[in-house]
Amino acid sequence: MVSRIHEGIVTSNRDTRTQHDKMISLLQSIDMASSFYFVADAFYANQKIIKGLVNEGNHLVTRIKNNAVGYKIPKPCQRRKRGRPAKYGERMPLASIRHKPGPFHKGTQSRLWRP
C-alpha cells in the first residue's frame with residue numbers, strides 16, 4: 001500500500017501537530033492486522049517516528065545522515081552521586097556499525113548507493 005501525506009490548503013493555525021505527529025496518527029488509523037515496514041525519507045528518521053512504530057510492533061526502513069549518532073545504555077551506578085543520573089551511555093557513531101561484524105551480519109551484505 002502506498003500513502004502520501006501533505007499539508008494541502010491550511011486555513012487555520014489551530015492544529016499544532018507536526019508532520020511527524022500526523023504521520024504517526026495516519027499509520028495508527030490504518031489498523032493493519034500484522035506488522036508492516038514503513039519506508040520513509042530521511043525526514044522521518046527521528047525518535048518520535050521510531051518510538052511510534054516500535055510501540056506498535058512495526059518496522060522503519062529509512063536513510064540516516066552520515067553523522068548520526070546512537071548511544072549505548074548507560075551503566076547503572078552502584079552509589080548515588082550528586083546530580084542527575086546519566087541519560088546516555090557511550091557515544092556510538094552509526095556509520096561505524098556498518099563496518100563491525102556482529103551476530104546480525106552473518107550472510108548479509110551492505111551496499112552503499114550514491115547517485
(request) Working only within the stretch 21-35, note down all residues that are among the acidic types (Asp, Glu) and surrounded by 14 or more Cβ atoms within 10 Å (Cβ to Cβ). (result) 21
(request) Residue by residue through the stretch 36-79, note down the ones that are loosely packed, with under 11 Cβ neighbours inside 10 Å, out of contact with any helix residue (DSSP H, G or I) (no Cβ under 6 Å at 6 or more places or on another chain) and either more than 21 Å from residue 90 (Cβ to Cβ) or not charged (D, E, K, R) (or both). (result) 37, 41, 47, 55, 57, 61, 67, 73, 76, 77, 78
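Would you point out the residue of the stretch 53-76, among those that are over 12 Å from residue 39 (Cα atoms) and part of a helix (DSSP H, G or I), that is nearest to the chain's Cα centre (by Cα)?
Only one residue fits best here, namely 54.
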(message) For a quick check of your reading of the model, give me the residue pairs whose first member lies in the stretch 35-60 and is small (Gly, Ala, Ser), whose second is in a strand (DSSP E or B) and surrounded by 11 or more Cβ atoms within 10 Å (Cβ to Cβ), with beta-carbon atoms closer than 7 Å and at least 6 apart or on different chains.
(response) 35/59; 40/60
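A short reminder: the numbers here are calculations on the coordinates, not readings from a lab. Bear in mind that the values here come from a model prediction, so they are computed numbers and not experimental data. So basically every Cβ, Gly included, is an ideal-geometry build from the backbone, and we count neighbours across all protein chains shown.
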